[in-house]
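Working notes, beginning with the structure itself.
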Amino acid sequence: MKLMTVVEVALSLPKTILFNVWYLPWRQAIRLPILVSRNVWLRQIRGEVLLPRSLPTASVRIGFGDIGIFDRKRSRSIWEVRGRVFFGGRCAIGHGCKVSASGDLYFGEGVALTAESTIVAKKSVRIGNNTLISWDVLIMDSDLHHMTDADGNVGNPPSAVVVGDGVWLGCRSLVLKGVSIPDGCVVAAGSVVSRTTLQEHSLLAGSPAKVVKDGVYWRE
């Protein structure tokens with residue numbers, strides 16, 4: 001481990017200990033399965049965090065990483081949770097990423113958010129195993145503001161988002177409410193996914209995104 005990484009982890013211990021003790025049962029918390037960078041703003045630490053009891057130290061990392069085009073020393077992550085966050089296994093939420101969950105948010109095994117991406121879960125957002133989320137990506141299951149008719153009936157309620165296993169969301173892509181993205185899909189940079197696609201291992205591109213190629217397989 002590089003000296004800078006060791007120093008960074010050491011400086012993050014107070015916030016890491018607070019986070020683990022706050023959310024986890026004592027026998028689980030003492031292993032510090034979640035590592036929280038000192039640059040994470042714990043704006044709201046309510047609700048629940050659930051993860052397998054067998055996860056070893058630092059299996060989940062929040063606010064770490066190093067993407068060359070961003071200033072990670074000044075990049076601030078935000079944790080605003082009053083709902084439930086589930087970690088299915090190892091997960092890396094990179095520096096500058098924002099998590100806002102008043103509903104349910106699920107991260108599968110091996111999920112990685114690189115930097116400066118945002119997830120808003122008012123109802124339910126589920127990210128499948130081994131999914132890669134690039135920088136400046138926004139995933140949201142709500143419009144955040146209600147639109148009503150003359151009788152006061154809400155016409156745009158939150159709607160669950162499901163991102164399948166092995167998906168790659170390209171930089172500055174946007175995933176909107178009610179969308180399901182099948183396993184193995186790639187979403188091109190800058191695309192807006194506003195409707196569900198049924199075809200696995202496809203390349204989605206455009207605004208609104210549509211299938212432009214099938215039989216797509218990617219590797220990190």
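The values are calculated or read from the model by the stated rules, or taken from the named source; none is laboratory data. It should be emphasised that the depicted structure is a prediction, and the values quoted were computed from it without experimental measurement. Using ideal geometry, Cβ is built from the backbone for each residue, glycine included, and neighbour counts are taken over all protein chains shown. SASA here: full protein model, heavy atoms, side chains in, ligands and nucleic acids out. Shrake-Rupley method; radii C 1.70, N 1.55, O 1.52, S 1.80 Å.
Run the dipole for region 1-101 about the Cα centre, Lys and Arg Cβ at +1, Asp and Glu Cβ at -1, nothing else charged, and hand back the magnitude in debye, nearest 20.
Once rounded to the nearest 20, the dipole reads 120 debye.
Which percent of the accessible heavy-atom area of the chain goes to carbon and sulfur, probe 1.4 angstrom?
55 percent
Could you list which residues have their amide H under 5 Å from that of S117, counting only those 5 or more apart in sequence or on another chain, with H placed in the peptide plane?
C97, K98, D136, V137
How much FRET efficiency would the formula 1/(1 + (r/R0)^6) give for V154 and E109, where r is the Cβ-Cβ distance and R0 is 35 Å, rounded to 0.05?
0.50
What do you get for Rg/Rh over the chain if you use C-alpha atoms and the Kirkwood form of Rh?
So for the chain, dividing Rg by the Kirkwood Rh gives 0.99.
Of the lysine pairs in the chain, how many meet both conditions: Cα atoms under 24 Å apart, and a spacing of 8 or more in sequence or different chains?
12
If amide H atoms are built 1.01 Å from N in the plane of the peptide, which residues on other chains or at least 5 residues away come under 5 Å of the amide H of G166?
HN-HN under 5 Å from G166: N129, N130, T131, G184.
Using the heavy atoms of the protein chains and a 1.4 angstrom probe, tell me the accessible area per residue for region 1-41 in square angstrom.
63 Å²
What are the residues whose amide H is under 5 Å from the amide H of F86, where those residues sit 5 or more places off or on another chain and H is modelled from the backbone?
Counting only residues 5 or more places away or on other chains, the set is L50, L105, Y106, F107.
For F86 paired with S180, estimate the spin-label separation in nm (one decimal), with each label point 7 Å from Cα along the Cα-to-Cβ line.
Here the modelled spin labels are 1.6 nm apart.
Of the DSSP beta bridges with both residues in region 81-216, give the percent that are antiparallel, rounding to the nearest 5.
Around 15 percent antiparallel, to the nearest 5.
In degrees between 0 and 90, to the nearest 10, how far off the longest principal axis of the chain does helix 13-23 point, with axes built from Cα atoms?
Here the helix axis deviates by roughly 60 degrees.
Note down the relative contact order for the chain as a percent, whole number, built from C-alpha pairs under 8 angstrom at least six residues apart.
11 percent
Using θ = phi - 60° and the Karplus curve 6.51 cos²θ - 1.76 cosθ + 1.60, what whole-Hz ³J(HN,Hα) does each residue of region 202-211 get, with Gly and Pro shown as x?
Values per residue, Gly and Pro as x: 10, 9, 9, 8, x, 9, x, 5, 9, 5 Hz.
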